[in-house]
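Report on the structure given below.
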Amino acid sequence: MLKFHRNLSPVPVPSMLALVLVTLAGCAQPAAPPVASVAVGPIPPGQARIWFYRDYEPYVSRATANVELNGAVAAYVSTDANASYRDVPPGHYHVAAQGLVAGQNQAKDIDLAPGQEVFAKVDSLRGWAPEGDLGGNIPEVFYITLVPAERARVTIAPYRFGGGG
């Protein structure tokens, strides 16, 4: 089918549609590749590696968790199944995810040796609210869970790679 606009030459509708789709595709952000397809290098000599990830949780808040190492933000983890890592000097680390409400056992303390790799999963406790009226707001409560490497590697393989270094 051809469309005419005033005295302009005909432009086939499928061609015009293809042009619009190509233009829109150029505006879209490319999806990050899965972790399994990224060539993550070895842990640098004299360093340790901490992975941060969060499972896809469609029934909890889409709020991003700011994950801190010793009080400094090291990663941003959302519920869209992504994983990232940070290479850090060996030592003691307090790993915590910032939430709107502080609770017990939300953070983990770890001692990292050179070459060690750990996996810190961010969990969200949905539906939890302290006593009292919150005006209908349910606060976001995040917990850090240290997951064994064998299980974590399988879990994060299809997740989108959020970067590292």
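Only the coordinates and a few stated rules stand behind these numbers; no lab work does. Keep in mind the model is a prediction, meaning the values are calculated, not measured. Note: ideal-geometry Cβ built from the backbone for every residue, glycine included; neighbour counts use all protein chains shown.
Cβ-to-Cβ counts within 10 Å put 143, 76 in ascending order as 76, 143, the fewest first.
Grab the beta carbon distance between residue 57 and residue 146, set R0 = 30 Å, and tell me the FRET efficiency rounded to 0.05. Efficiency for this residue pair is about 0.95. Between residue 116 and residue 157, the simple label model (points 7 Å from Cα in the Cβ direction) yields a spacing of 2.7 nm.
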